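Enquirer: Structure incoming, see below.
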Amino acid sequence: MTRTDRRHDLLSRARAIADERGGVLSRADLREIGADRRFVARQVTAGRWRVHGRQTIAVHTGPLEAQGHRWRAVHEVGASLLDGVTALQVAGLSGITEEVLHVSVHHLAQAPVVDGVRVHKVSRRTDGELDLAVPPRTPPALAALRAAQWAVSDAQAALFLVAPVQQRLVTGAQLRTAREQYLGRRRRALVDTLLADIVDGAQSLGELDFAAMCRARRMPVPERQVVRQGPKGRVYLDVRWRCGLVVEVDGRQHVEGVAPVADMLRQNSVSLTRDMVLRIPLLGLRLEADAFLDQVEQGLAVLAARAS
């Protein structure tokens, strides 16, 4: 094989591998196919390739696509896995943007500072975490739990747990199993509460919690599970005051399948009787309880003023 043939062969092999990795390879990948440091330097000097850090080489000179940036993060940090919300995005999570890429390394590892990458140190890897994945990343259930731990707020933590379940990236059983292996250091109580709400759709838990919150604010005691007659038979209302204020506490089961259709029909039929209907998502009781309870108090005040 002539030198020219060898160069074309290496370029072709490098492109074939890089095409599956967002257009980038690590220097170690290139050495494996026979492209040493001098070969790489010649391609960069010739304007065919471009360097993106100490370990990452793009086999083109244009901007990196999302997958290229993810592989760069893994290459530059070294001995790392894409983790948290970044791993969820690779698994297919949509509708959530993040300014930085999240990777995890063992807590004893020396991790360099890499632009656009946030490195998290974990005390140990869980069972199955190092299973082969492309690009290297943690499984979705574990990634969701870690994303909640690393979130900037409780509301964002809830989003990182809710969205993967809603988008069918993880199941309740997978989240439970992952939780048994990983507790994390932050938000332990909140994460456990959110998992109970999200995974189990604990409607009764939400109603009991709501009643306790009302008592704490010294609101009048409402009736629970009030029965009304709707267009398709009996309608059960979560909470109703005698003045006509109805509060529906919506768990996860209220946003699945055709449930929203039935919920809207029920709410409309109640509203047509001149009752006022307020709806509170179960997560709202966890994250914005005061704001929702303020609305309940306002509703009671409005109906009291009407009655007078």
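The values are calculated or read from the model by the stated rules, or taken from the named source; none is laboratory data. These numbers were taken from a predicted model, which means no experiment stands behind them. Here the Cβ positions follow ideal geometry from the backbone for every residue, glycine too, while neighbour counts run over all protein chains shown.
Enquirer: Among the residues of region 130-163 satisfying the criterion of being surrounded by fewer than 19 Cβ atoms within 10 Å (Cβ to Cβ) and among the charged types (D, E, K, R), which is nearest to the chain's Cα centre (by Cα)?
Expert: Asp154
Enquirer: Let me confirm something: among Glu20, Glu32, which residue is more than 30 Å from Ser153 (Cα to Cα) and touching a residue at least 60 places away in the same chain (Cβ under 8 Å)?
Expert: Values: Glu32 fails: touching a residue at least 60 places away in the same chain (Cβ under 8 Å).
Answer to the selection: Glu20.
Enquirer: Also: Only one of these is modelled with pLDDT of 90 or more and over 13 Å from Ser80 (Cα atoms): Val114, Val152. Name it.
Expert: The unique qualifying residue is Val152.
Enquirer: Turning to a different aspect of this structure: Just to be sure before I move on: is Val270 in the same structural domain as Arg218 (by TED's automatic domain parsing), farther than 30 Å from Thr171 by Cα, among the β-branched types (Val, Ile, Thr) and modelled with pLDDT of 70 or more in the structure I sent?
Expert: Answer is no for this residue.
Enquirer: Residue by residue through region 164-192, note down the ones that are in contact with a helix residue (DSSP H, G or I) (Cβ under 8 Å, 6 or more places away or on another chain) and among the aliphatic types (A, V, I, L, M).
Expert: Taking region 164-192 and keeping what is in contact with a helix residue (DSSP H, G or I) (Cβ under 8 Å, 6 or more places away or on another chain), we get 164-166, 169-172, 174-179, 181-182, 184-187, 190-192.
Across region 164-192, the qualifying residues are Val165, Leu169, Val170, Leu175, Ala178, Leu190, Val191.
Enquirer: Go through region 21-50 and count every residue that is over 20 Å from Arg3 (Cβ atoms) and of a type in the set (Gly, Ala, Ser).
Expert: Of the residues in region 21-50, 4 are over 20 Å from Arg3 (Cβ atoms) and of a type in the set (Gly, Ala, Ser).
Enquirer: Taking only pairs six or more apart or across chains, which ones have beta-carbon atoms under 6 Å, a first residue in region 45-59 that is touching a residue at least 24 places away in the same chain (Cβ under 8 Å) and within 23 Å of Ala111 (Cα to Cα), and a second residue that is assigned to a strand (DSSP E or B) and charged (D, E, K, R)?
Expert: Here the result reads Ala58/Arg50, each pair linking region 45-59 to a residue that is assigned to a strand (DSSP E or B) and charged (D, E, K, R).
Enquirer: I would also like to ask the following. Going through region 123-146 one residue at a time, which ones are in contact with an Asp or Glu (Cβ under 8 Å, 6 or more places away or on another chain) and closer than 26 Å to Leu195 by Cα? Full working, then the answer.
Expert: Looking only at region 123-146, we keep the residues that are in contact with an Asp or Glu (Cβ under 8 Å, 6 or more places away or on another chain), and these are 134, 137-139, 142-143, 146.
Those that are in contact with an Asp or Glu (Cβ under 8 Å, 6 or more places away or on another chain) and closer than 26 Å to Leu195 by Cα: Arg137, Thr138, Pro139, Leu142, Ala143, Arg146.
Enquirer: Do you know which residues across region 204-223 are crowded, with 17+ Cβ neighbours inside 10 Å and at pLDDT below 75?
Expert: Leu205, Gly206, Glu207, Asp209
Enquirer: Further question: In the list Leu175, Leu169, Leu145, Leu161, which residue meets the criterion of being touching a residue at least 60 places away in the same chain (Cβ under 8 Å), assigned by TED's automatic domain parsing to the domain that holds Ala111 and not polar (S, T, N, Q)?
Expert: The match here is Leu169.
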